[in-house]
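Engineer: Quick one: this structure, given as structure tokens, is what I'll be asking you about.
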Amino acid sequence: MRLSSRTQSIEIRECAGPECALLFVDTSRPGKRRWCSSTACGGKERAAAYRRRKRTEPDGGGPEA
């Protein structure tokens, strides 16, 4: 949702976190923020993506022996 006035435009977004229903004002310069909090919802999503990548690597993603 975009709210506009003569001098300013405000973007209100819904958090992309699967278990989060918060709305937030996107104050990022490019206007592409995805999460209500980078440390809470964003951190969970990045950790989940990392685990998915490590699971699908051919060598299992473990340390080399």
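The values are calculated or read from the model by the stated rules, or taken from the named source; none is laboratory data. As the structure is a prediction and not an experimental result, all values here were calculated from the model. Every residue, glycine among them, receives a Cβ derived from its backbone with ideal geometry; neighbour counts consider all protein chains shown.
Engineer: Could you list, in sequence order, all residues of the range 31-40 that are farther than 14 Å from Arg13 by Cα and either touching a residue at least 24 places away in the same chain (Cβ under 8 Å) or of a type in the set (A, V, I, L, M, F, W, C) (or both)?
Structural biologist: Ala40
Engineer: Among what's in the range 1-18 and is modelled with pLDDT of 90 or more and among the charged types (D, E, K, R), pick the residue that is nearest to Glu45 (Cα to Cα).
Structural biologist: Glu14
Engineer: Could you list, in sequence order, the residues of the range 19-65 that are small (Gly, Ala, Ser), in a helix (DSSP H, G or I) and either at pLDDT 90 or above or surrounded by 13 or more Cβ atoms within 10 Å (Cβ to Cβ) (or both)? Full working, then the answer.
Structural biologist: Step one: filter the range 19-65 for residues small (Gly, Ala, Ser), giving 21, 28, 31, 37-38, 40, 42-43, 47-49, 60-62, 65.
In the following step, the residues that additionally are in a helix (DSSP H, G or I) were identified as 38, 40, 42-43, 47-49.
Ala40, Gly42, Gly43, Ala47, Ala48, Ala49, listed by residue number.
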